[in-house]
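The structure appears right after this line, and notes come after that.
The values are calculated or read from the model by the stated rules, or taken from the named source; none is laboratory data. A quick note: this is a predicted structure, and the numbers were derived from the prediction, not measured. All Cβ positions, even for glycine, are placed from backbone atoms using ideal geometry, and neighbour counts span all protein chains on display. To get the accessible areas, we keep the full protein, side chains included, count just its heavy atoms, and leave off ligands, DNA and RNA. Shrake-Rupley method; radii C 1.70, N 1.55, O 1.52, S 1.80 Å.
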Amino acid sequence: MLIKRPADIRSSEITDKKLYLNRRDFVRTAAGTAVAAATGVLGAEAFLRAAEPAVHGRKLANVQKSPFSTTEKLNTWEEITTYNNYYEFGTDKESPSMLSRNFKTEPWTVAVDGECNKKAVYHLEDVLKGQVLEDRIYRHRCVEAWSMVIPWVGFPLANFIKRCEPTSNAKFVEFTTMYDPAQMPGTRLPPAFGGLHWPYVEGLRMDEAMNSLAILGVGLYGEVLPNQDGAPFRLVVPWKYGFKSIKSIVKIRFVMKQPLNTWQDQAANEYGFYSNVNPDVNHPRWSQATERRIGEFFKRKTLMFNGYGAQVASMYAGMDLKKNY
Amino acid sequence: MARGAVAARPSESEWRSVPRKVIRGGRLLKAAIFLASLIPAAWLLWAALTGHLSANPLSDVTNETGIWTLRFLCITLSVTPLRRLTGWNGVIRFRRMIGLFAFFYGTLHLLTYVILDRFAGLDFPNGIVAWRTVRDLTISVGKDVYERPFITLGFAAFMSMVPLAATSTAGMLRRLGGRNWQLLHRLVYVTAIAGVIHYWWGVKADVQRPLAYAVVVGLLLAFRMVWARGYFRAAAPKGRRVAASNPDRQPWGSGAVEAVKNAEPREP
């Protein structure tokens, strides 16, 4: 077949050969780099890496039983220490178990600040001094619609708050997680790639913080808390989605205004301040009506306030929980 | 070779003159690719049965089958660029099989979602083996597809693969005619784009992986556009760019004609 070519291309319209070759080189180099970077990311996750359960730690002494504990079947040590959302150590569930191994939790200090009389930097030993440790076997409901039953060891947050002597201005308590990029590879992910804004911040209303279910957790299965579970000490508020139970706390501040918690900051339409477990308010992208208990096939119905309504529902009387999600 | 020059497609006799050994080599390679494509499924099955997945193996199986669908889609889409850039026209004979593996993993992904996510969340007031179960499952899936945009998109991506798989045989290609077939099979671009967005909308915060797939799919599609404008053609290896340098061919050509030629009549 014959192709007719126009005879009237002016020489000025023809791109200089050197120029177009350069452009080709550039396009090729750019495309090559992009392909290499993409395949690097994809290759690294080609097969799941096997997580390793935490090594067992020091046994905690004189741990009391608690009437707040559930009698449901416990999730195993292996499950609780290999399936973690702790984004400071990576966004894969297995990452924290592998990347938090060398996290330094001793010595540990907690700064108490804001609207209170006892502002100070406390050593963890001082925080724990005089506290009676309790076993608190709680249901843990993740916002991702899975759940576990976890035997925490801790003491009521209220006990610690009383020692700080908050003033009448203190309406909320703000908690902050340790932020150390050198030890926490997950924090090096830039926000452009979906990384959170560090440090991780959470908050409770004063009455929520004083509720007897809210504890500061220091142990798991009667032993000191493994790093991937928020060592050396963390918040546990079982009627709220898991992300409210902030890990590895370095700062507690009493404030007048409602703190902006990290997940609300990340996506306010998906995560609110209260984040009470609520089967009637769905996450915009998935249902919260059911949950998968880790280790089970069939899903369970999610309970209002994660089944802790008797202890906490009165705090939200008259509040529109669809609005205050 | 100048751009305007006409290059002949290989004639029947030229194809026939390809040494037997080369053809047999191609078959061996094809068998090897077939077996390799089954490795992810086999590995996943093994890992699930022996406890080598995470504490939430059901979620892992769902995620992994989805990711492998995307991977096979990317491989399918790289056949044409690979062929164009290297002049290795024989690579086209593996494309259908790889594309069908994308469909295979996509089907597994859909099934895991239906069973592990939907079926496992039903109530079973009349027991598991009951008409009620079938009805409830249908409603549950339908409602989910309707209500959740990321599921809608994933479902659309899967559905877009169905006609492609159904018309993947040499017979269907002949019946549709090369041009129609080719037009239809460009649906795979939609599959890949919808698949990547489905993945993107499914992650909670860290978008590195969906982004990586977006880059790969983007480049593979961009290559086609750039190629259509004659950009890389001068760079293609000389001597072997028989089909590639023919300006009479459809600009986005995906080698349907060669695919017919290479089609082995009795293939699954």
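Descriptive notes on the structure:
- Conditions (1) open to solvent by 10 Å² or more (accessible area, probe 1.4 Å); (2) touching a residue at least 12 places away in the same chain (Cβ under 8 Å); (3) not charged (D, E, K, R); number of the one not met by residue A:120: (2)
- Residue check for residue B:72: buried (at least 20 other Cβ atoms within 10 Å of the Cβ) and away from chain A (no Cβ under 14 Å): no
- Just one of the numbered conditions (1) under 19 Å from the mean Cα position of the chain (by Cα); (2) within 30 Å of residue A:142 (Cα to Cα) is not true of residue B:57: (1).
- Test: residue in the range B:158-167 that is at positive phi and either part of a helix (DSSP H, G or I) or of a type in the set (A, V, I, L, M, F, W, C) (or both): no
- Qualifying positions in the range A:202-225 - out of contact with any Lys or Arg (no Cβ under 9 Å at 6 or more places or on another chain), under 23 Å from residue A:95 (Cβ atoms) and open to solvent by 10 Å² or more (accessible area, probe 1.4 Å): A:221
- Selection from the range B:183-228 of residues that are within 8 Å of another protein chain (Cβ to nearest Cβ) and not hydrophobic (A, V, I, L, M, F, W, C): B:202, B:204, B:206, B:208, B:209, B:213
Residue-wise test of (1) closer than 29 Å to residue A:67 by Cα; (2) assigned to a strand (DSSP E or B); (3) more than 14 Å from chain B (Cβ to nearest Cβ).
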residue: A:243; (1), (2), (3): yes, no, no
residue: A:247; (1), (2), (3): yes, no, yes
residue: A:252; (1), (2), (3): yes, yes, yes
residue: A:315; (1), (2), (3): yes, no, yes
residue: A:318; (1), (2), (3): yes, no, yes
residue: A:321; (1), (2), (3): yes, no, yes
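- Count of the range B:105-127 residues which are more than 10 Å from chain A (Cβ to nearest Cβ), assigned to a helix (DSSP H, G or I) and either under 17 Å from residue B:137 (Cβ atoms) or free of Cβ contacts under 8 Å to residues at least 60 places away in the same chain (or both): 8
- Residues satisfying the stated conditions in the range A:123-133, i.e. touching a residue at least 24 places away in the same chain (Cβ under 8 Å) and exposed (fewer than 15 other Cβ atoms within 10 Å of the Cβ): A:132
- Qualifying positions in the range A:134-149 - more than 11 Å from residue A:216 (Cα to Cα) and either open to solvent by less than 10 Å² (accessible area, probe 1.4 Å) or in a loop (DSSP other than H, G, I, E, B) (or both): A:138, A:141, A:142, A:143, A:144, A:145, A:147, A:148, A:149
- So residue B:79, is it without any contact (Cβ under 8 Å) to a residue 24 or more places away in the chain and either over 19 Å from residue B:155 (Cα atoms) or surrounded by 18 or more Cβ atoms within 10 Å (Cβ to Cβ) (or both): yes
- Filter result (farther than 18 Å from residue A:175 by Cβ and in a loop (DSSP other than H, G, I, E, B)) within the range A:114-133: A:117, A:129, A:130, A:132, A:133
- Condition check for residue B:102: crowded, with 21+ Cβ neighbours inside 10 Å and hydrophobic (A, V, I, L, M, F, W, C): yes
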